[in-house]
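K.L.:
Pasting a structure below so you can have a look.
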Amino acid sequence: MSIYLIIVNSMKCLKERTENYQVHGFTVLWLMGENLWLKDQITNLQKNLVYFSENRGFYYWELDFKTQKLRLKSLIHEDLRGKIIYLQEEIPFGEGRLIEQLRLPFLSQKLLTIPLIVDLKLAEFIRQQLYYCSPKWLKLQEKYYQRGENLLNLTFERSFIAPLGLNLLEVFDDEIPLHKFTQIKQNINLYYENFLINFQQNSFKAVYPPRFYAIMKKQKKDMNE
């Protein structure tokens, strides 16, 4: 297995490099240097550097040469303010074979969770975004107006954190807007659907991997048969 140091600083560059490697039969796995480490928010470029597994949901690899560690950030979710949450694990360089470490998201493992906190000031935040004419929120408000509704009439007594690419305020009549990620070839729509079902039917206090929601859906189906 070979690792190359490559600078990627735009979506066009990322897409071209990824497709060029794939055309020649290579599996592309990006390990991010310091300039692209995840912080409180995730950029569009970073979103297209995430990967997906049933055990870890959306995940992201980082290389830290200063501490000599490989970092795995997984179960990545985003709230309505654009802030992300995730689990972080660090693997020291030289600890086992690298190829085995990179398979971690796909290995059999215990169920992971991230506790959730309700954003008590979310309604106020949305009101401010509309007052200051944020293009993103005005566009969403327009969709609500077209349906005879208003964002300002919504209540936010529960957590509105969701997997990357899924905005819970943009789901109308259970139609989930499609979102594509450059590195992900799996069909993630089922993950979104199962998450949404759980969100609508349960006041959950944590988020789980895609595998959990699939199991919950199957159990409910078996009970109804």
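K.L.:
Got a number for residues in region 185-204 being of a type in the set (A, V, I, L, M, F, W, C) and surrounded by fewer than 16 Cβ atoms within 10 Å (Cβ to Cβ)?
P.N.:
Here the count works out to 3.
K.L.:
Continuing with this model, one more query. Kindly list, by first and then second residue, each pair from a residue in region 157-181 that is farther than 16 Å from ILE76 by Cβ to a residue that is of a type in the set (A, V, I, L, M, F, W, C) and in a loop (DSSP other than H, G, I, E, B), limited to pairs with Cβ atoms under 7 Å and residues at least 6 apart or on different chains.
P.N.:
Short answer, once both residue conditions are applied: GLU157/VAL118; ARG158/VAL118; LEU169/LEU80; ILE176/LEU166.
K.L.:
Tell me whether region 154-163 contains one or more residues that are assigned to a helix (DSSP H, G or I), open to solvent by 80 Å² or more (accessible area, probe 1.4 Å) and not small (Gly, Ala, Ser).
P.N.:
no
K.L.:
LEU169 is checked against (1) under 30 Å from GLU142 (Cα atoms); (2) outside any helix (DSSP H, G or I); (3) open to solvent by less than 40 Å² (accessible area, probe 1.4 Å) and fails just one. What number does that condition carry?
P.N.:
The single condition LEU169 does not satisfy is (2).
K.L.:
While we're here: Tally up the residues in region 195-206 that are closer than 20 Å to ASP174 by Cα and either among the β-branched types (Val, Ile, Thr) or in contact with a strand residue (DSSP E or B) (Cβ under 8 Å, 6 or more places away or on another chain) (or both), please. Talk me through it step by step, then tell me what you get.
P.N.:
As a first pass, look at region 195-206 and keep what is closer than 20 Å to ASP174 by Cα: 195-204.
Retained after the next criterion (residues that are either among the β-branched types (Val, Ile, Thr) or in contact with a strand residue (DSSP E or B) (Cβ under 8 Å, 6 or more places away or on another chain) (or both)): 195, 197, 199.
Qualifying residue count, region 195-206: 3.
K.L.:
Turning to a different aspect of this structure: What pairs can you find where one residue is in region 205-219 and open to solvent by 80 Å² or more (accessible area, probe 1.4 Å), the other is in a helix (DSSP H, G or I) and not acidic (Asp, Glu), and their Cβ atoms are less than 6 Å apart, with a gap of 6+ or different chains?
P.N.:
Here the result reads LYS217/ASN194, each pair linking region 205-219 to a residue that is in a helix (DSSP H, G or I) and not acidic (Asp, Glu).
K.L.:
Quickly run through region 89-122 and pick out the residues that are over 22 Å from PHE195 (Cβ atoms), open to solvent by less than 50 Å² (accessible area, probe 1.4 Å) and either of a type in the set (S, T, N, Q) or in a loop (DSSP other than H, G, I, E, B) (or both).
P.N.:
Passing the criteria: GLN101, LEU102.
K.L.:
Which ones in region 179-198 are at pLDDT 90 or above, of a type outside the set (Asp, Glu) and not in a loop (DSSP other than H, G, I, E, B)?
P.N.:
Matches in region 179-198: ASN189, LEU190, TYR191, TYR192, ASN194, PHE195, LEU196.
K.L.:
Going by what's in this entry, would LEU49 be described as surrounded by 11 or more Cβ atoms within 10 Å (Cβ to Cβ), of a type in the set (A, V, I, L, M) and either at pLDDT 90 or above or farther than 26 Å from PRO115 by Cα (or both)?
P.N.:
Working: surrounded by 11 or more Cβ atoms within 10 Å (Cβ to Cβ): yes; of a type in the set (A, V, I, L, M): yes; either at pLDDT 90 or above or farther than 26 Å from PRO115 by Cα (or both): yes.
Spelling it out, LEU49 is indeed surrounded by 11 or more Cβ atoms within 10 Å (Cβ to Cβ), of a type in the set (A, V, I, L, M) and either at pLDDT 90 or above or farther than 26 Å from PRO115 by Cα (or both).
K.L.:
From the residues in region 124-147 that are of a type in the set (A, V, I, L, M) and more than 12 Å from LEU169 (Cβ to Cβ), which one is surrounded by the most Cβ atoms within 10 Å (Cβ to Cβ)?
P.N.:
By that ranking, first place goes to LEU130.
The values are calculated or read from the model by the stated rules, or taken from the named source; none is laboratory data. Nothing here was measured: the structure is a model prediction, and the numbers come from that model. All Cβ positions, even for glycine, are placed from backbone atoms using ideal geometry, and neighbour counts span all protein chains on display. For accessibility, only protein heavy atoms count, side chains too; no ligands or nucleic acids. Shrake-Rupley method; radii C 1.70, N 1.55, O 1.52, S 1.80 Å.
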